[in-house]
């Protein structure tokens, strides 16, 4: 037990200075892919997006069943990606799932996520910096008696037009979504409602001294956009399943997936 504690202490003491530039780029890219998967999806009845597949991937990630796939084309690229991935695992920034001795997917550890967010900079928030938004969600839910809170109510602004216009507000709730503490639900016209999830603890906090850079911010945005486009065109493992959004107004919220 003493040796185990020593190893854990050593792991906690490691910083981003132990990572190469390539390691940091991969770490930021993994954060962007994970965030793209959990970013609130605005469902409409006529959309061709495989929402059931995306939501299943979210559940699998939160349950630790399947994480973010890492693929590299070509022998040299595979070797480089493998070495970088192994360094991130050894540094305690990510964990991995295996099949037949091979890494099949990876998960950001709380520390790895904190380091990646710090590298990107002020664009991103964590549960500590966005705590007031979460508290407000709980208060609005309690005072209104509603199970879910519309984004316009939570953000106290008319969420009309392009959702890009209030991305800064959505960023404040995203860390709670990726932690499993909040579930976003879309109605039939693409407006988002937020529902707190009971029994999920706040993730651990880390005091980090890391200098952000525009390069990592730009890399995050590029990978985020690329991953979003990939998910928009992905094929579902559940072709006979149907996702039914909330009604735009009135009636019970039918937001669960229907699987025949």
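The values are calculated or read from the model by the stated rules, or taken from the named source; none is laboratory data. Quick caveat: nothing in here was measured; it's all calculated off a predicted structure. No Cβ is skipped: glycine too gets one built from the backbone with ideal geometry, and neighbour counts run over all protein chains shown.
Some values worked out for this structure:
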| quantity | calculated |
| --- | --- |
| From the options 235, 218, 205, 171, residue that is in contact (Cβ under 8 Å) with a residue 12 or more places away in the chain and part of a helix (DSSP H, G or I) | 171 |
| Counted residues, the range 71-108 - those being in contact with a helix residue (DSSP H, G or I) (Cβ under 9 Å, 6 or more places away or on another chain) and surrounded by 15 or more Cβ atoms within 10 Å (Cβ to Cβ) | 16 |
| Failed item, numbered, when residue 128 is tested on (1) touching a helix residue (DSSP H, G or I) at 6+ places or on another chain (Cβ under 7 Å); (2) more than 16 Å from residue 36 (Cα to Cα) | (1) |
| Residue 65 vs. criteria in a loop (DSSP other than H, G, I, E, B) and either in contact with a helix residue (DSSP H, G or I) (Cβ under 9 Å, 6 or more places away or on another chain) or at pLDDT 95 or above (or both) | yes |
| Of all residues in the range 30-49 being assigned to a helix (DSSP H, G or I) and in contact with a strand residue (DSSP E or B) (Cβ under 9 Å, 6 or more places away or on another chain), the one that is surrounded by the fewest Cβ atoms within 10 Å (Cβ to Cβ) | 37 |
| Output for the range 141-158, where each listed residue is closer than 25 Å to residue 52 by Cβ and not in a helix (DSSP H, G or I) | 147, 148, 149, 150 |
| Unmet requirement for residue 199, which otherwise passes all of (1) at positive phi; (2) exposed (fewer than 13 other Cβ atoms within 10 Å of the Cβ); (3) touching a residue at least 12 places away in the same chain (Cβ under 8 Å) | (3) |
| Checklist (1) in a helix (DSSP H, G or I); (2) touching a residue at least 24 places away in the same chain (Cβ under 8 Å); (3) within 30 Å of residue 246 (Cα to Cα) applied to residue 124, failing item | (1) |
| Any chance residue 193 is part of a helix (DSSP H, G or I), surrounded by 13 or more Cβ atoms within 10 Å (Cβ to Cβ) and touching a helix residue (DSSP H, G or I) at 6+ places or on another chain (Cβ under 8 Å) | no |
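For every residue, the table says whether it meets (1) within 20 Å of residue 247 (Cα to Cα); (2) surrounded by 19 or more Cβ atoms within 10 Å (Cβ to Cβ); (3) touching a helix residue (DSSP H, G or I) at 6+ places or on another chain (Cβ under 9 Å).
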residue	(1), (2), (3)
147	yes, no, yes
181	no, yes, yes
184	yes, yes, yes
189	yes, no, no
209	no, no, yes
221	no, no, yes
